[in-house]
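What follows is a set of notes on a single structure, which appears directly below.
The values are calculated or read from the model by the stated rules, or taken from the named source; none is laboratory data. Bear in mind that the values here come from a model prediction, so they are computed numbers and not experimental data. Note that we place each Cβ from the backbone using ideal geometry, even for glycine, and neighbour counts take in every protein chain shown.
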Amino acid sequence: MKKELIFYYIGILVFFIVLIFSVRHIVNTTRIFVGYEDGFNPIHIQWNIDHKDSTLRVKDPMYLRNDYYLIDYDDKSILKNDTVLYAELFGDSLVSKGNALNVEPPYFLWKDAKNDTLKIFKHNITLKFTKQKY
């Protein structure tokens, strides 16, 4: 009787462990990454990127990869006047300079549908990012 009860509880424990890991796997593999067709209204981003896979959760299930870079502005004085924002985008310790995920929160983020441009509003400056490298 005691052996059957122990096996019963072990079976229930194994079932719940498998259930937890399978749900976690499904959640991690069903992400939708922001692309050309996707659009979303301005979202106030107050959280950092997920460093283990270099993504930013925009809103579930939409995530932003690290492939959006700052467009080439003719007048770079906009960025050079804001030294904090310039350091966040082009700091010496950064591997990918000009990347949208380098901007530290809080900021507003939005994208129009069927458009390549991702926009970030921080410190009264609107920055535009596209999928081409700076």
Kindly check whether there is at least one residue in the stretch 49-71 that is over 11 Å from the mean Cα position of the chain (by Cα), farther than 29 Å from residue 27 by Cβ and surrounded by 11 or more Cβ atoms within 10 Å (Cβ to Cβ). yes
State all residues of the stretch 41-80 that are of a type in the set (Phe, Trp, Tyr) and in contact with a strand residue (DSSP E or B) (Cβ under 8 Å, 6 or more places away or on another chain); if no residue qualifies, say none. 47, 63, 68, 69
Flag for residue 115 being touching a residue at least 24 places away in the same chain (Cβ under 8 Å) and touching a strand residue (DSSP E or B) at 6+ places or on another chain (Cβ under 8 Å): no
Any hit, the stretch 14-33, residues being touching a helix residue (DSSP H, G or I) at 6+ places or on another chain (Cβ under 9 Å) and among the hydrophobic types (A, V, I, L, M, F, W, C): no
Criterion violated by residue 39 - all others in (1) farther than 15 Å from residue 110 by Cα; (2) in contact (Cβ under 8 Å) with a residue 40 or more places away in the chain; (3) loosely packed, with under 15 Cβ neighbours inside 10 Å satisfied: (1)
Search result, residues across the stretch 46-76 that are in contact (Cβ under 8 Å) with a residue 60 or more places away in the chain and aliphatic (A, V, I, L, M): 70, 71
Evaluate the following for residue 24: is it in the same structural domain as residue 103 (by TED's automatic domain parsing), free of Cβ contacts under 8 Å to residues at least 40 places away in the same chain and of a type outside the set (Ser, Thr, Tyr)? no
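Would you mention how many residues in the stretch 101-117 are part of a loop (DSSP other than H, G, I, E, B) and either touching a Leu at 6+ places or on another chain (Cβ under 9 Å) or of a type outside the set (S, T, N, Q) (or both)?
Of the residues in that region, 8 qualify.
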